[in-house]
Structures are given as C-alpha cells and as structure tokens.
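Shown next, in structure tokens, is the structure this report addresses.
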Amino acid sequence: MSSTLLSAPATTQPFGPAVHLSCRECGHTTELGPKFACEECFGPLEISYDFGTVTREQIEAGPASIWRYAPLLPVPADVASRPNTNPGWTRLVRAQNLGRELGLSNLYVKDDSGNPTHSFKDRVVAIAVEAARTFGYTTLSCSSTGNLAGAVGAAAARAGLEACVFIPSDLEKEKVVVASVYGGRLIAIDGTYDEVNRFCSELIGDELGERWGFVNVNLRPYYAEGSKTLAYEIAEQLGWRLPEQIVVPVASGSQLTKIDKGFRELIKLGLVEDTPYKVIGAQGSGCSPVSQAYKDGIDVIRPVKQPDTIAKSLAIGNPADGPYVLDIARRSGGAVEDVTDEQIRAAVKLLARTEGIFAETAGGVTVGVLKKLADEGRLDPDAVTVVINSGDGLKTLDAVSDCGPTAVIKPSLDAFRATL
Amino acid sequence: MSITVRIPTILRTYTDGQAEVSVAGGTLAEVIDQLEADHGGIRARVLDEEGKLRRFVNVYVNDDDVRFAEGLGTAVPEGGNVSIIPAVAGG
C-alpha cells in the first residue's frame, strides 16, 4: 500500500495514533506525558487511541519486526527508520511433537527467545525508547529481574542513550553478563525485585533520577503497549485469527493484560473475527500470588515477601497488574496456575526434547502449566492453543545444570560401542 | 513532628512541591489524618471511599510494606519514616 499525502500529518505525531492516557481504575484522562499513576486514585495509566482505519494489507506490507504494527502503537509513523533494536516477528512454531505428548492436536509455541537480546523484553523497551526520545531523556533506566536490564542496555546503546539499570544481586550469572555487556551502568541491589522496584520509584521522585526515563516506571504506559505486539503477531501468524487457548507467563501481569488488549483491538478494528479465547496465566509456585488468589476465588492479591522460585524472571511478589490478570482469566474462562521448580525443569527439557526449543525457566513455567492443565483434562485438546516462551534457555543454564555428556569415552569405536 | 513522610511526585501538588514533610507519630491512619490536616486533599488520593488504602498505593513504614504489617493500624515510631509509592512493577 502506498502512502498518500492525506496520511502525512500522522507521521509528525510522536505518539502516532495515541491520543491520551486514561486511568484503568477510574477512567480519569490526562494528556500524553511521562506519567504512570493516576493523580486521582493512583491507578495505572494506559494509552488510549484513535486508530482510524488499519488494514491487514497495510500491516503485511510492513517490516518484519514489531514496527509492522506501528499504526497500532504509541510511536511515530517513521519509527522503523530510527536506531532501535527492531524486535519482534519471532517464530510461531507448530508444536506437533509436544502436542502429541500432551494430547493437544493444535498446539503452537510463540518463541520469543528470538528477539535481539533473547527475551520478549525487547518489544516493550523498543516502545519506551521512542517515548524517552520524545520526552528528551538522555538516560534509560529500569528495575529488572534480568531480561529487562539486558534489553534496556542494548536499546540504549543502539539509540545513543546512557543506561543505568538496577537488578537484585542474586540473579542468574548469564543475565547479569547480558545486562552489563552493552556498557551502561549496572547496579546490583541487595534485596528482592520488589525492593529494587520500590527503590526506583523513589529514585524517580528524587533529583538524582529527575531526567531519567525508567522504562517500567515513568515510561510504563508506553512500554507496556509493546506486549500487545505478541497478540498481533500470534493472530497474524495464525492466518488472522485468534487462538482459542493461550498460556502466558505472569510476573507483574502486564504481558497477559496487554495480550488481551491486543486481541480486543484486533477484533474492534475488524482485523480478526470475534471468536472466544481463554487466557491462562502461569506462575512458579515459589512466587504465585496471582495463582493463589485465583484458586482462592478472591480479588485481592496477597503479596509474596520472599519469592523462592527458579523462574527468577517471574519473581515479582507484588504484581501490580495482578488484579487485571484475575479479571481476564475469569472473564475468558481461562485460569491461573502454578508449577514447582521440578515441574519447571522438566518442562524446559520437555520443550527442548520435543521441539528443539531451549526455553528459559519462564518458558518452563508456561509449558509446565500447559502440561499440568492438559494432564488434568482442563484444556480443549482440539482447540488452537498457543504457549508463550518469553526467553532463551542460555540465560538460565543453572536450571538444567544436570545436562551434560551422556558418556565420556576414549576416541575408539569399541569405547563408543560400549556406551550404546 | 518527628516522622518523615516521603511524598510521591503526583501528590506534591498538595505539599507545595515538597518531596518530604514532617508529622507527629502514631499509627499510619493518624499519620494520614495529619497529612490531610496539613495538606488538604491527600487523604482522598491515598484512601478509597471506605477509608481503606487504595489498591494501587503502596505504603512503607521504615522500609516495610504495611500490607505485611497492620495496614493502616501499623505503628509509626518517632523518628521513623513513611513512604507513599504508586504500585508499578514489571520485571
């Protein structure tokens, strides 16, 4: 589709089709800016749009990255020409082998380990970088359970911004290396993720952090929109239709909430048929406040003070979007479930063994929950089902440290024969 | 007046831009009453219509989340500090 002069004014809008911020709790609206909490009720602010007409053809003609969905995101129309990591358009793998083992005939894995820094976080950070540029920030920052820190470091390097990121000091070594290799400042804090997050919330109110763009704090409304692209891609890769069941990891709950928002936008725009879909949230049992609230049938999330799970990227004890995850899981007829460390390890190996996909522990959580629900007969075995792998197994090697040579031998045929 | 309350950016319109204010001790509920007396309008932002902490407000007394303590009944000792922080998170 060729661009027309009529569409030219839109290209000058730094936030594209976004029109304002609105409070998800009370509906109060405010102008687009580096704000994240409602001044009336502290509720989370999210972006409202005026999309106009968006067609499948227009999207399909776009780049093989999240920028093919630029008309649905708070970014300028020429975003693809700016220095960015250009994440997304990761593979959707038809998982017939895994499906056979689990008794699911229509199973797909959305493998987001293929992003530039090997996790879905590149999607959200790419949007936040554009917002940071527009607001004139020169330092990009975040609180992170690891993957985000790496994504921020890489995106800042590409965009020519400074980076200063904060992580809990007990993260996996691989994630610490990825977070630091891009050259920004990496500060490890002796505390849990929730304590790191709280520290960042205070830093932002201090003159030290005054001109900083914290991707998941003051840029959060923009950042969070990046997760919608998972929904867009899954629908487009399925041939412009919605899955019937989808398993999504839950840390803060933002990804799941935005995937639901993305599906609803596609329906509203007439890009897919309005077919029902069940959303299933997945947590590690050692940090499962949302799953617990779901099972208890309550709306209030009881925070976990000391998370204890090998799925460290999901170890958020006080998940800000948890209440919305509960709403969506219940409204859609889905569920929120959790799996133990042993089940996570087994699921990482199961996915690797059946589909050749090496997931990080968060992927072990989603595949583990998928298996648990399938084993318990809680999934429709013939429904189009998507499970998300949000990151790369090379970042959580300790989780499968028992993997290694099946035999160590001398270089002789006899020695090899003896191992068979 | 020996308790320090850290005010988040979105509430500083009520405190003439001050990032920290001082009040006397007591329970967290009493601290909020005093904040309201000194800086009218704050209470309705922090508490809902039923007088409970809004679900997207995190309050810390001496670095401890009051949801792990006694909520609004949490004691704030003299010399202590209170932080009011919007709940946001995203690993």
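Among DSSP beta bridges lying fully in the protein assembly as shown, give the percent that are antiparallel, nearest 5. Don't skip to the answer; put the middle values down first.
Working: 27 of 61 bridges.
Counting DSSP beta bridges with both partners in the protein assembly as shown, the antiparallel share is about 45 percent.
Could you state the number of Å between the C-alpha centres of region A:186-251 and region B:24-91?
26 Å
Multiply the residue separation of A:R378 and A:E40 by 0.36 nm, subtract the distance between their alpha-carbon atoms, and state the gained length in nm to one decimal.
On the way: separation 338, 0.36 × 338 = 121.68 nm, distance 4.09 nm.
That works out to 117.6 nm of additional length.
Using DSSP to define loop residues, name the trypsin sites (Lys or Arg not before Pro) in region A:357-388 whose beta-carbon has at most 16 other beta-carbon atoms within 10 Å.
Working: sites: A:K371, A:K372, A:R378; in loops: A:R378.
Passing sites in region A:357-388 are A:R378.
Check B:V57: other-chain or 5+ apart residues with amide H under 5 Å from its amide H, H built from backbone geometry?
B:A87
Quick check on my link table: of A:K261/A:K349; A:K305/A:K395; A:K121/A:K312; A:K121/A:K228; A:K35/A:K258, which ones sit more than 22 Å apart, alpha carbon to alpha carbon? Please report the intermediate quantities before stating the final value.
Values: A:K261/A:K349 32 Å; A:K305/A:K395 25 Å; A:K121/A:K312 14 Å; A:K121/A:K228 12 Å; A:K35/A:K258 18 Å.
Checking Cα-Cα distances, A:K261/A:K349; A:K305/A:K395 exceed 22 Å.
Select from A:A188, A:A347, A:A132 the residue whose mean-square fluctuation is largest in a Gaussian network model of chain A (Cα-Cα springs shorter than 10 Å).
Fluctuation is largest for A:A188.
Net charge near A:A383, counting Lys/Arg +1 and Asp/Glu -1 over other residues with Cβ under 13 Å of its Cβ? Could the numbers behind the result be given before it?
Working: positive: A:R241, A:K278, A:R378; negative: A:E244, A:D380, A:D382.
Charge balance in the 13 Å sphere: 0.
Using helices alone, what [θ] at 222 nm do you get for chain A, with -39,500 (n - 2.57) per DSSP H run of 4 or more residues, divided over all residues and rounded to the nearest 500? Intermediate values should be presented prior to the final figure.
Numbers: 15 runs with 151 residues, N = 420.
After summing the helix terms and dividing by the residues of chain A, the value is -10500 deg cm²/dmol.
If one computes the Cα centroid of region A:321-355 and of region A:24-71, what distance in Å separates the two points?
Taking the Cα centre of each part, region A:321-355 and region A:24-71 sit 27 Å apart.
Of A:V336, A:G284, A:V272, whose Cα points farthest to the positive end of the dipole of region A:244-364 (charges on the beta-carbon: +1 Lys, Arg; -1 Asp, Glu; origin at the Cα centre)?
Ranked along the dipole, the leading option is A:G284.
Using only the Cα atoms of region A:128-267, build the gyration tensor, take square roots of its eigenvalues as a ≥ b ≥ c, and label the shape rounded, prolate or oblate: rounded if a/c is under 1.5, else prolate if a/b is larger than b/c, else oblate. Write down the numbers at each step before the final one.
Numbers: a/c = 1.97, a/b = 1.66, b/c = 1.19.
Prolate.
Could you go through region B:48-60 in sequence order and give the Karplus-derived ³J(HN,Hα) for each residue, using 6.51 cos²θ - 1.76 cosθ + 1.60 with θ = phi - 60°, rounded to whole Hz, and x for Gly and Pro?
Rounded to whole hertz, the list is 7, 4, 8, x, 9, 4, 4, 6, 9, 10, 9, 10, 10.
Using only Cα atoms and rounding to the nearest 10 degrees, what angle (0 to 90) does helix A:228-237 make with the longest principal axis of chain A?
It works out to around 60 degrees.
Below 8 Å, C-alpha to C-alpha, sequence gap of six or more: please give me the relative contact order for chain B in percent. Walk me through the intermediate numbers first.
Values: 144 pairs, mean separation 32.8, N = 91.
Relative CO of chain B lands at 36 percent.
So what is the relative contact order of region A:289-349, in percent, for Cα pairs below 8 Å that sit 6 or more residues apart? Each step should come with its number before you reach the end.
Details: 56 pairs, mean separation 21.7, N = 61.
RCO, region A:289-349: 36 percent.
Round to the nearest 10 and give me the degree value, 0 to 90, for the angle of helix A:322-332's Cα axis relative to the longest principal axis of chain A.
80 degrees
Is region A:62-218 best put as rounded, prolate or oblate by its Cα gyration tensor, with a ≥ b ≥ c the root eigenvalues, rounded for a/c under 1.5, and otherwise prolate when a/b is larger than b/c, oblate when not? Let's see the in-between values first.
Working: a/c = 2.31, a/b = 1.36, b/c = 1.70.
Taking the square roots of the gyration eigenvalues as a ≥ b ≥ c, region A:62-218 is oblate.
Can you give the local net charge around A:R241? Use residues other than it whose beta-carbon is closer than 11 angstrom to its beta-carbon, Lys and Arg +1, Asp and Glu -1.
Working: positive: none; negative: A:E236, A:E244, A:E273, A:D274.
Its environment carries a net charge of -4.
Around B:R43, under 10 Å between beta carbons, what's the net of Lys plus Arg minus Asp minus Glu among the other residues?
That works out to -1.
How far, in degrees from 0 to 90, does helix A:193-204 lean away from the longest principal axis of the Cα atoms of chain A, to the nearest 10?
Approximately 20 degrees, to the nearest ten.
Just so you know, all these numbers are worked out from the coordinates, no wet-lab data involved. Keep in mind it's a predicted model, so treat the numbers as computed, not measured. So basically every Cβ, Gly included, is an ideal-geometry build from the backbone, and we count neighbours across all protein chains shown.
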